[in-house]
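Below you'll find the structure, written out as structure tokens, and then a few comments.
What follows is calculated from the coordinates using simple rules that are stated; it is not laboratory data. The structure displayed is predicted, hence computed values, not measured ones. Using ideal geometry, Cβ is built from the backbone for each residue, glycine included, and neighbour counts are taken over all protein chains shown.
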Amino acid sequence: MNITKKIIITDTNIITDLSNANVLDKFIELDNVYISDMVLRDEINSNTGNVNIIKKFKTINATSKEIAEIFKIAKETHGLSPYDIINFIIARNNNAILATGDKKLKDYCETNGIEVIRTLKIIILMKNKDVITNEEAINACKALKENTNTRIPISDIDNIIKEFEKNSVIC
């Protein structure tokens, strides 16, 4: 499934959410989904999700120039980790969408012109691109809702489920 812009996964929150929603294996079917090499190398483990599935993501590497820029941006911002900053830089330099569950990073990116996508929007994208069915999208949201560790507001999940249910064909 091809999309026009790269989506760069910046942290384990998105991967864990999609794993908990039982759609991580489908997410990798989108052609332009990448994970930074540093996140893959340093932050991924069995608690994140199925490592064998996660290793199927395409990786995107930071250049030495991009890594050097981390320190410049770090002086100007507070509360962003070096991983956050490098993922912002990679997304900016590749005209990519950033997939993150981190609110500080989301706010920083949007303030600086970078589009951000979060878990529920990813599920919507996967449904709209026919990577998952409407029923699978509903089940993914229900799985997120039932997970005791979800950080996504239940009201947001319920609203998306209602939208998907409107699209369901009643026989």
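May I ask you to evaluate 6.51 cos²θ - 1.76 cosθ + 1.60, the Karplus curve with θ = phi - 60°, for each residue of region 123-130 and list the ³J(HN,Hα) values in order in whole Hz, giving x for glycine and proline?
Going residue by residue, I get 4, 4, 4, 4, 5, 5, 8, 6 Hz, with x marking Gly and Pro.
List the trypsin sites (Lys or Arg not before Pro) within region 29-70 that DSSP assigns to loop and that have no more than 16 neighbouring Cβ atoms inside 10 Å.
Details: sites: ARG41, LYS55, LYS56, LYS58, LYS65; in loops: LYS55, LYS56.
Sites meeting the loop and neighbour criteria: LYS55, LYS56.
Once both labels are modelled 7 Å past Cα along the beta-carbon direction, what's the ASN134-ASN52 spacing in nm?
It is 3.4 nm.
Can you sort LYS142, LYS166, LYS129 by how many other beta carbons sit within 10 Å, fewest first?
Ranking LYS142, LYS166, LYS129 by Cβ neighbours within 10 Å, fewest first, gives LYS166, LYS129, LYS142.
Could you run the Karplus curve 6.51 cos²θ - 1.76 cosθ + 1.60 with θ = phi - 60° over region 98-114 and give me ³J(HN,Hα) per residue in whole Hz, x for Gly and Pro?
Result, rounded to whole Hz: 9, 9, 8, x, 7, 5, 4, 5, 4, 4, 4, 4, 5, 5, 9, x, 9.
Once you've got the GNM for the chain with C-alpha springs shorter than 10 Å, pick whichever of THR63, THR100, THR133 has the biggest mean-square fluctuation.
Evaluated over the chain, the most mobile residue of the options is THR63.
Classify the chain as rounded, prolate or oblate, taking a ≥ b ≥ c as the square roots of the eigenvalues of its Cα gyration tensor: rounded when a/c is under 1.5, otherwise prolate if a/b is larger than b/c and oblate if not. Mind showing how you got there, number by number?
Working: a/c = 1.89, a/b = 1.76, b/c = 1.07.
It comes out prolate by the Cα gyration axes.
If you take the beta carbon distance between ILE154 and ASN94 as r and set R0 to 30 Å, what does 1/(1 + (r/R0)^6) give as a FRET efficiency, to the nearest 0.05? List each step's numbers first, then the result.
Working: r = 34 Å, r/R0 = 1.13.
According to the calculation, E is roughly 0.30.
Fewest first, what order do TYR83, TYR34 take by the number of other Cβ atoms within 10 Å?
Working: TYR83 18, TYR34 21.
Fewest-to-most ranking of TYR83, TYR34: TYR83, TYR34.
To make sure I understand, if each residue's beta carbon is the centre and we count other beta carbons within 10 Å, what order do MET38, MET126 fall in, fewest to most? Spell out each step's value before the answer.
On the way: MET38 18, MET126 23.
Fewest-to-most ranking of MET38, MET126: MET38, MET126.
With springs only between Cα atoms under 10 Å apart, run a GNM on the chain and tell me which of GLU66, GLU135, GLU76 wobbles the most.
GLU76
Please identify, among GLY101, GLY113, GLY49, the residue showing maximal mean-square fluctuation in a Gaussian network model of the chain using a 10 angstrom Cα cutoff.
Maximum fluctuation in the GNM of the chain, among the listed residues, is at GLY113.
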